[in-house]
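Have a look at the structure below before the remarks.
We did not get these values from a lab; they are worked out from the coordinates using the rules stated. Everything numeric in this text was worked out from a predicted model, so none of it was measured. Cβ placement follows ideal geometry from the backbone for every residue including glycine, while neighbour counts extend to all protein chains displayed.
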Amino acid sequence: MRVSAKADYAVRAAAELAASPDGPVKGERLADSQDIPLQFLEHILLDLKHSGIVRARRGAKGGYWLAKPADEVSIADVIRAVEGPIAHVQSAPPESITYTGSAQELQNVWIAVRASLRDVLESTSLEDLVTGNLPDNVRELADDKDAWLPR
């Protein structure tokens, strides 16, 4: 799986908002704190706003903040807001694709991949990310030394 810059930036920006519960955060501050290009971030924040993850207010006291508590927003929610459904195959959900012959079981593989991604991304909230208190299933996967090997 390839995580796009857009998805990565969206999660990082949302994490910054989760770590800043004291009020609106300016887009410039979010961009600077996570080294995200401001123009790109503004498009991401608009997607997050349209999906109901963040709220925004203009003006001198304006900025962005989470629309819900950080423990109610999963990383999967953020990614879906900017990228759409998780784990599509050639822009289609894996359950809609059929394979024949020797590739017949490939659909089950793609479904399993999506389930695995969901297990990690849906079980990890922004609060988990910000506090470093990752769910056990995520911590166990990340602690496996084999998981760190590039292949």
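Details
- Placing +1 on each Lys and Arg Cβ and -1 on each Asp and Glu Cβ, with no other charges, gives region 5-148 a dipole about its Cα centre of roughly 780 debye.
- Alpha-carbon gyration tensor eigenvalues x 5, square-rooted, for the chain, Å: 32, 18, 13
- Compactness ratio for region 72-151: Cα radius of gyration over 2.2 N^0.38 Å (N = residue count) comes to 1.30.
- Each Lys or Arg adds one and each Asp or Glu takes one away; over the other residues whose Cβ falls under 11 Å from the Cβ of I53, this sums to +1.
- Taken over the alpha carbons of region 1-66 as equal point scatterers, the Debye sum produces base-10 log I(q)/I(0) values at 0.20 Å⁻¹ of -0.71.
- Net charge in the neighbourhood of P37 (other residues with Cβ under 13 Å of its Cβ; Lys, Arg +1, Asp, Glu -1) is -3.
- Sites V3 and S102 - FRET efficiency at Förster radius 22 Å, r taken between beta-carbons, to 0.05: 0.15
- In this structure the amide hydrogen of Y99, modeled in the peptide plane, comes within under 5 Å of the amide hydrogens of Q107, none closer than 5 places in sequence on its chain.
- Computed [θ] at 222 nm, deg cm²/dmol, the chain (DSSP H ≥ 4; -39,500 (n - 2.57); rounded to nearest 500): -15000 deg cm²/dmol
- Unit charges at the beta carbon, dipole of region 5-148: most positive-side option, L141, P94, G23: G23
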